[in-house]
Amino acid sequence: MKAVLLWGNLLFSGFMAISISMFFAEGAIAENYTDKRFVAPEFLWMIPLWVVEAILVVIYFYKKKAESVSYPVILLINLALWVSIFLSAWVCLRWAV
């Protein structure tokens with residue numbers, strides 16, 4: 001069950017990180033008057049920032065053996081993946097301005 005929580009959240013948060021970064025990089029819901037696909041390509045940096053967090057989480061679980069980690073710790077670490085998406089969006093927004 002712990003592996004399902006880890007890998008399921010890792011895959012779903014990765015899908016959401018890619019979706020959110022592509023949404024913002026393509027100009028969100030604003031009209032694109034240029035011929036470029038990516039109006040704000042700095043938002044694509046959200047993906048590598050999330051990947052770094054995901055690699056750190058996987059390394060943590062391989063070192064600790066997922067069976068020995070308690071459920072509250074798993075939930076906090078999974079929450080950290082989601083927080084990293086929004087923190088990276090904030091960082092990219094600061095770069096864009």
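Structure values in brief
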read-out: Selection of GluC sites (Glu not before Pro), segment 1-67, meeting DSSP coil and at most 11 other Cβ within 10 Å; value: 31
read-out: For segment 65-78, 3J(HN,Hα) per residue [Karplus equation, 6.51 cos²θ - 1.76 cosθ + 1.60, θ = phi - 60°, Hz, x = Gly/Pro]; value: 6, 3, 5, 8, 8, 6, 5, x, 5, 4, 5, 5, 5, 5
read-out: Nearest-0.05 FRET efficiency for residue 4 and residue 28, computed from C-beta distance (R0 25 Å); value: 0.15
read-out: Per-residue ³J(HN,Hα) for segment 48-57, Karplus 6.51 cos²θ - 1.76 cosθ + 1.60, θ = phi - 60°, Hz, x for Gly and Pro; value: x, 5, 5, 4, 4, 4, 5, 5, 4, 5
read-out: Relative contact order computed over the chain (Cα-Cα under 8 Å; 6+ residues apart), in percent; value: 38
read-out: Whether segment 42-91 is rounded, prolate or oblate, judged on the alpha carbon gyration tensor where a/c under 1.5 counts as rounded; value: oblate
read-out: Cα-based shape type of segment 1-41, given that a ≥ b ≥ c are square roots of the gyration tensor eigenvalues and the cut on a/c is 1.5; value: prolate
read-out: Phi to ³J(HN,Hα) by Karplus 6.51 cos²θ - 1.76 cosθ + 1.60 over segment 84-96, Hz, x for Gly, Pro; value: 5, 5, 6, 5, 5, 5, 5, 4, 5, 5, 5, 5, 6
read-out: Gain on full stretching of the segment that runs from residue 65 to residue 18 - 0.36 nm per residue minus C-alpha separation; value: 14.1 nm
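Readers should treat all values here as calculations from the given coordinates under stated rules, not as data from a laboratory. In this text, all values refer to a predicted model and were calculated from it rather than measured experimentally. Because the Cβ atoms are built from the backbone with ideal geometry, glycine has one as well, and the counts that use them run over all protein chains shown.
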